[in-house]
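The values are calculated or read from the model by the stated rules, or taken from the named source; none is laboratory data. Keep in mind that what you see is a predicted model, and the values were worked out from it rather than measured. We place every Cβ from the backbone using ideal geometry, glycine too, and count neighbours over all the protein chains shown. The accessibility values were calculated without ligands, DNA or RNA, using every heavy atom of the protein model including side chains. Shrake-Rupley method; radii C 1.70, N 1.55, O 1.52, S 1.80 Å.
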Amino acid sequence: MNARTPSVSTDIARVEVVVIGAGPGGYVAGIRLGQLQKKVVVIEKAAPGGVCLNVGCIPSKALINAAKLYEKAAHGADMGIRAGGLTVDFAQLQKWKDGVVAKLTGGVRQLLRANGCEYRQGTATLLSPRTVQLVEAGSQKEVLFETEHVVIATGARPVQIPNLPFDDQRVVDSTGALAFAEPPKRLVVVGAGYIGMEIGTLYAKFGSQVTFVEALPTILPGSDAECVQVVARKAKKLGMEILLGAKAKGMVEKGGEAVLTVESKDGDVQIPADKVLVAVGRRPNSENIGLEIAGVKTAGGFVAVDRQMRTSVPNIFAIGDVAGQPMLAHKASKEAEVAAEAIADRPAAMDAVAIPAVVFTDPEIASAGLCAEEAEKSGHEVKVGKFPLSALGRAIANLDTDGFAKVVMDADGGQVLGVHIVGGGAGDLISEAALGMEMGASAADIGMTVHPHPTLSEAIMEAAKAAQGEAIHIVNR
Ligand code: NAI
């Protein structure tokens with residue numbers, strides 16, 4: 001329930017839109033609404049940029065990139081590059097990472113201001129469909145915003161498992177794991193999904209002994225199975241141990257270390273650990289924001305929305321992680337633009353053909369659209385074209401040949417139904433596939449488009465040609 005905070009004084013302010021949350025959903029909504037000449041206030045209780053900029057996408061990519069650089073420097077001998085006395089100053093690395101975050105969050109504040117959007121720090125609660133209470137941290141004062149519209153962009157938080165609660169010391173979530181003072185000697189990662197695999201891999205590169213405990217029979221469930229195999233091979237090369245079909249049952253402290261009991265196929269096993277990262281999914285932040293009082297309906301914890309991101313209460317919108325899967329920053333930003341346009345009475349709807357997804361593992365997995373099995377299940381007869389990076393000049397010159405590009409094509413019309421890439425730089429390559437699918441491209445369209453040489457993008461062109469049996473740099477079968 002939603003109790004009014006006792007306050008010394010109350011200010012009343014009138015605006016057209018209140019956005020609750022300033023992550024990649026909320027701050028983009030604020031900017032776009034400002035551009036559309038709306039009087040808008042964005043309220044954030046933590047820091048501008050949300051999880052993504054502060055404790056998620058950006059800091060993780062900074063550390064992942066540093067780990068990659070370190071690995072490359074340590075293994076440059078094939079190229080004749082021998083780096084003697086290579087060391088990592090982890091405190092400096094963390095300082096640099098914090099600087100990257102500060103630069104971006106500062107940029108968000110500036111952008112909001114430049115677009116005429118007010119930014120307020122504090123906790124926002126709906127008191128009615130048109131009233132939002134703001135309580136600033138440490139303040140006895142409240143502001144009541146009387147507003148025409150509300151955009152809920154409150155994000156999601158890590159799921160906690162009861163027998164392994166977060167304590168910010170031994171058992172941490174992704175936020176804690178990205179802030180380690182030094183790489184833990186032994187890191188146990190519970191959950192080998194997006195977060196677990198990305199963070200586990202980076203610490204393995206910095207020398208941690210990493211063990212994954214994953215309940216399902218595969219790592220990265222939901223990703224293209226062939227792509228996952230490439231990542232699993234590299235994980236093994238990096239010395240990471242992966243226990244599949246395994247569940248953490250509990251943990252005890254013993255002689256200055258933690259010992260996890262893990263239920264596995266071979267019975268219970270004990271795993272010692274210095275740090276435990278629990279990354280078993282995230283759940284929407286839909287509680288304690290006054291949704292019940294405003295009459296906003298939820299389904300399975302998510303705020304239920306239509307294609308304009310409108311909730312069951314017509315003047316209230318919801319975007320990003322709180323409004324449903326997939327929990328991806330770029331999906332939140334797109335939904336933010338749709339909601340802002342709808343509020344400004346412009347025609348807009350969330351109608352993306354493909355929302356690309358990237359897992360920043362080693363190598364990266366990037367996909368857009370359906371995998372072959374999904375396409376077949378949805379009634380298509382498919383042809384699949386695959387092009388290995390080991391046959392690509394640029395990948396060989398990069399000394400980065402693990403992986404491939406794969407195009408799933410409708411066998412009748414030739415339309416591209418999905419593209420899956422595993423390999424270095426996959427995340428930067430996938431946008432071509434998303435654009436192609438948005439525009440209804442056929443594999444022939446992509447195959448006939450001139451791609452610059454020597455670049456990794458040629459892999460997509462060749463895979464599109466391979467789907468038609470016409471690849472140039474591999475033998476077609
Ligand atoms: P996830 O859903 O990707 O993976 C969670 C994993 O934990 C699954 O493999 C699941 O089988 C396993 N699991 C669940 N309960 C378990 C248990 N008791 N014991 C062992 N394993 C268990 O969730 P994750 O990694 O926490 O990430 C949450 C979301 O954040 C992702 O779904 C994604 O949408 C987003 N994200 C996106 C990133 C990106 O775009 N690169 C990076 C990180 C997160």
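General remarks:
- Residues satisfying the stated conditions in segment 244-270, i.e. touching a Leu at 6+ places or on another chain (Cβ under 9 Å) and open to solvent by 20 Å² or more (accessible area, probe 1.4 Å): Leu244, Gly245, Lys249, Met251, Val252, Ser264, Lys265, Val269, Gln270
Residues checked against (1) in the same structural domain as Ile396 (by TED's automatic domain parsing); (2) open to solvent by less than 70 Å² (accessible area, probe 1.4 Å); (3) touching a residue at least 60 places away in the same chain (Cβ under 8 Å); (4) under 22 Å from Glu198 (Cβ atoms):
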residue	(1), (2), (3), (4)
Glu71	no, yes, yes, yes
Ile81	no, no, no, no
Val101	no, yes, no, yes
Gly116	no, yes, yes, no
Arg120	no, yes, yes, no
Thr125	no, yes, yes, no
Leu144	no, yes, yes, no
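Residue-wise test of (1) assigned to a helix (DSSP H, G or I); (2) over 27 Å from the mean Cα position of the chain (by Cα).
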position	(1), (2)
Lys68	yes, no
Lys72	yes, no
Asp78	yes, yes
Leu86	no, yes
Lys95	yes, no
Gly106	yes, no
Leu112	yes, no
Arg120	no, no
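- Of all residues in segment 390-421, those satisfying the criterion of being free of Cβ contacts under 8 Å to residues at least 60 places away in the same chain and of a type outside the set (A, V, I, L, M, F, W, C) are Ser390, Asn398, Asp400, Thr401, Asp410, Asp412, Gly413, Gly414, Gln415.
- Of the criteria (1) away from the ligand (no atom under 16 Å from the Cβ); (2) part of a loop (DSSP other than H, G, I, E, B), which one Val15 fails: (2)
- Top-ranked residue in segment 239-272 [being away from the ligand (no atom under 14 Å from the Cβ) and aliphatic (A, V, I, L, M); ranked as farthest from the chain's Cα centre (by Cα)]: Val252
- Of residues in segment 23-56 being part of a helix (DSSP H, G or I) and of a type in the set (A, V, I, L, M, F, W, C), the one surrounded by the most Cβ atoms within 10 Å (Cβ to Cβ): Ala29
- Within segment 203-228, considering residues that are of a type in the set (A, V, I, L, M) and within 12 Å of the ligand (Cβ to nearest atom), the one farthest from Gly418 (Cα to Cα): Val213
- Exclusive hit being at pLDDT 95 or above, farther than 30 Å from His75 by Cβ, surrounded by 17 or more Cβ atoms within 10 Å (Cβ to Cβ) and aliphatic (A, V, I, L, M), set Ile199, Ile195, Ile152: Ile152
- Residue count for segment 385-401, restricted to those that are surrounded by fewer than 22 Cβ atoms within 10 Å (Cβ to Cβ) and either assigned to a loop (DSSP other than H, G, I, E, B) or outside the structural domain of Leu435 (by TED's automatic domain parsing) (or both): 4.
- Checked against (1) outside the structural domain of Gln308 (by TED's automatic domain parsing); (2) hydrophobic (A, V, I, L, M, F, W, C); (3) over 30 Å from the mean Cα position of the chain (by Cα), Leu164 passes all but a single condition, namely (3).
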